[in-house]
């Protein structure tokens, strides 16, 4: 379960309304509640997590929450990610972060408690083992633009769109 920021009261409702309207959507009470909840999250949330929090407090049913998550995703305000467990998770595309720029970013999944968090401040580089050529689509430093590398071997990696790291979070690692 994604951890939430304690700063929920700091969310400017008028700017959220402007973002929703700017994406060409009507600013309904359900849509506003979903956006506010996603803004307070520090990682991607499942439909069930959003429904439990927003639905119980605001009285919206699960179908309404799901429809709003889908419409916000289609409008480009929210991204949807699947982390290998066949469950869609939703996260707000934040201004000034990789989320907002449409860039993929790595996620961390705690194998003990199930917490999922975004690793916006982490740069993952794919580098070849010593004595081997660069993977297809990357420069030898792993930071180049996608495209064929001179050293690429047939069947090599052309591009990477998702990275998921699994392990124990700091909270579970202390146990």
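Counting residues in the stretch 135-155 that are out of contact with any strand residue (DSSP E or B) (no Cβ under 8 Å at 6 or more places or on another chain) and at pLDDT 65 or above gives zero. If the condition is being at pLDDT 65 or above, more than 22 Å from residue 128 (Cα to Cα) and not in a helix (DSSP H, G or I), then the stretch 156-175 contributes 167, 168, 169, 174.
For the stretch 44-51, check the following and say yes or no: at least one residue is at pLDDT below 90, in contact with a strand residue (DSSP E or B) (Cβ under 7 Å, 6 or more places away or on another chain) and either within 21 Å of residue 107 (Cα to Cα) or not assigned by TED's automatic domain parsing to the domain that holds residue 112 (or both). Steps first, please.
The initial filter retains those residues of the stretch 44-51 that are at pLDDT below 90, namely 44.
Narrowing the set further to residues that are in contact with a strand residue (DSSP E or B) (Cβ under 7 Å, 6 or more places away or on another chain) leaves 44.
Going one step further and asking which of them are either within 21 Å of residue 107 (Cα to Cα) or not assigned by TED's automatic domain parsing to the domain that holds residue 112 (or both), we end up with 44.
Yes: one or more hits.
State whether one or more residues within the stretch 57-75 are more than 19 Å from the chain's Cα centre (by Cα), modelled with pLDDT under 90 and assigned to a helix (DSSP H, G or I). Yes.
The values are calculated or read from the model by the stated rules, or taken from the named source; none is laboratory data. The structure displayed is predicted, hence computed values, not measured ones. Backbone-built Cβ (ideal geometry, glycine too); neighbour counts: all protein chains shown.
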